[in-house]
Structure formats: structure tokens, C-alpha cells
1. How charged is the neighbourhood of D95? Take every other residue with its Cβ under 14 Å from the Cβ of D95, and add Lys/Arg as +1 and Asp/Glu as -1.
2. Assuming R0 = 30 Å, what is the FRET efficiency of Y154 and L101, from their Cβ-Cβ distance, to the nearest 0.05?
3. Please report how far the C-alpha centroid of the range 104-135 lies from that of the range 199-243, rounded to the nearest whole angstrom.
4. Treating only the Cβ of Lys, Arg, Asp and Glu as charged (+1, +1, -1, -1), what charge dipole size does the range 82-282 show about its Cα centre? Round to the nearest 20 debye.
5. Once you have the Cα-Cα distance between S197 and L174, take 0.36 nm times their residue separation minus that, and quote the gain in nm to one decimal.
6. Work out how much length F85 to W125 would gain on full extension: take 0.36 nm times their residue separation and subtract the Cα-Cα distance, in nm to one decimal.
7. Taking all protein chains as present, what is the carbon and sulfur share of the accessible area of the range 82-282, in % to the nearest whole number, probe 1.4 Å?
8. Under a crude label model (7 Å from the Cα following the beta-carbon direction), how far is L267 from N117 in nanometres?
Amino acid sequence: MAAVDDLQFEEFGDATTSLAANPDATTISIEDPGETPKHQPGPPRGSGREEDDELLGNDDSDKTELLAGQKKSSPFWTFEYYQTFFDVDTYQVFDRIKGSLLPIPGKNFVRLYIRSNPDLYGPFWICATLVFAIAISGNLSNFLIHLGEKTYHYVPEFRKVSIAATIIYAYAWLVPLALWGFLVWRNSKVMNIVSYSFLEIVCVYGYSLFIYIPTAILWIIPQKAVRWILVTIALGISGSVLAMTFWPAVREDNRRIALATVVTIVLLHMLLSVGCLAYFFDAPEMDHLPATTAAPNQTVAAAKSH
């Protein structure tokens, strides 16, 4: 048993000095918590592959799918199942609206705004607001065109609300459904094609329609040239969002099929905007005048004949 005098504290010098005196000694280094560890630089990635991952959304897709798989999903007949589709805060909705109004060239709208948490809250209310904006603006436009005419009596056309709702919601749901089915089919043919979920496609289409809400309000201006300029601007902004989002999803496919897909997406979008402008705002303005002016003449002629 060691004596008490043998148990003494000794001060050790620097580790470098100790190793110089005794090369076989073992040293333990305790780093300061405030110091940041130095990492060795990893091998550089190819710029082309990095750009492809950024456009296609492959960089974080595996992580997103893994996290999504860890979430407990409720049965589809429960309220909690549909509640997850509306689980989004105001900041996310405004950020996605801003992204649809200011598309960034070379950036994927799904990867930047949607993939982390796709929702139906924004698309649903955007479509509902657009329906009432088109219907109300169409009625006001018709009223302003004929304002001051003695033979004109304003009658609200409530049927425009139901017609606008049918057109907008059918476009916002049926077109994404067809596009999703097409992408799934092509994904089975070409393995390199990136896949979007149906909810992500609906989300993209819903937010891309936001630009038409202020456009429909400005369509009240009774000038056809101004209306067509507005619809061209809105179509360019929203169409570019759709084109830049779905082009990376089909560009690895056959060249003709890829171009035909993007052109079809843009043409359907153009058909919606031009069709709404032509039906709700550019209807013939003087169709009611012959009927209203002919009636008194016919009455006078009938009285004279008797």
C-alpha cells in the first residue's frame, strides 16, 4: 500500500514538451467548447449535377419522403386526414403567393415553396376569390358599359358566379389530375423523370391563378386594349411559373414529348384566361338594343292598324 507522502499533485507542462521528453506517452486533448472544429473539405460536386438536383428537387426529396413516412396518417374518412391538407400558416401562404407573382428563372417552384408542406388552403381560397372577382367584375363591367342609356335596365347576372365556379374549379382540379396521370405514366417509361405528387401539382396550379385576381378587377376598365394587355401580362407570369415547374419534370423524356407537354400546359392556361375574358367581359355590348327599340315601334304599328 502506497504511503500518504507518495500521493502528491504534480503539474505537467505543455503536451509538446511532454511528448519530446517521453515519446511513448499518451496525451488526451480537451478542446474548448467555443472553438469550432475544422473539417476537411469534401470532394467538389459537379456543377451540372448540382444544377440538375436543384431544378428537379432531388437534393432533399429522399429526406422529405423519409420524414413524410414517419408521420402518422389518419384514415381518409376522418376529419384529421383532411386537416393535414390545410395545416399551413399565413407566412407560408404569402411566401408562395409572392413566389407565384415573381418567378425566379432556373428555380423550381415546387422545391422552393411547396415540397416541404403542400397545402390546399391557399389554392382553395385563391380559386374561390377568383370566382367572385370574375363574376362581380363582369357584372360591373356590363353596368359601366351601358351606364347612361335610357333603354338599359341593370339586372344582376348571378348565373355568372356558378359558371365561373365551374370553370375555375374544373380547371384547378381536372387539369392537374390529367397531368399527374401523364407524369406517372411517363415515369414508368423513363426512370429519370422526377415525379410530382397530385397534391403538389394542385398546389402549383392553385397559386399560379392568384395573378388573375387583380387582373379580373382591372378588367372592369371598359377598354379592350387595356384588357388584352392585362391578360397578356398575367398569362406571361402565371404561364412561366407552370413552364419552369414542369419542364424539369419532362426534359429527360423524348424531346418532342417534353415540348408537347409544356406547350399543352401553356395552351390550356391561355384558353382559360382568354376564355374568361371573352365570355365575362368582351360579350357583345349592343345585343339588347334592337329588342328594346323594336318593341315600341311594333306597338305603335299595331295601334294604327286597329
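The values are calculated or read from the model by the stated rules, or taken from the named source; none is laboratory data. This one's a predicted model, so the numbers in the text were calculated from it and none came from an experiment. Backbone-built Cβ (ideal geometry, glycine too); neighbour counts: all protein chains shown. Keep in mind that these areas ignore ligands, DNA and RNA; they rest on the heavy atoms of the full protein, side chains included. Shrake-Rupley method; radii C 1.70, N 1.55, O 1.52, S 1.80 Å.
1. Values: positive: R96, K98, K107, R111, R115; negative: D89, D119.
Value of the local net charge: +3.
2. About 0.30, to the nearest 0.05.
3. If we compute the Cα centre of each part, the gap is 13 Å.
4. On the way: 15 positive and 10 negative charges, 100 e Å.
Charge dipole, the range 82-282, about its Cα centre: 480 debye, nearest 20.
5. Working: separation 23, 0.36 × 23 = 8.28 nm, distance 1.43 nm.
Contour length minus the Cα-Cα distance gives 6.8 nm.
6. Working: separation 40, 0.36 × 40 = 14.40 nm, distance 1.31 nm.
Stretched out fully, the F85 to W125 stretch lengthens by 13.1 nm.
7. On the way: 7120 of 10020 Å².
C and S atoms contribute 71 percent here.
8. Result for the modelled spin labels: 3.9 nm.
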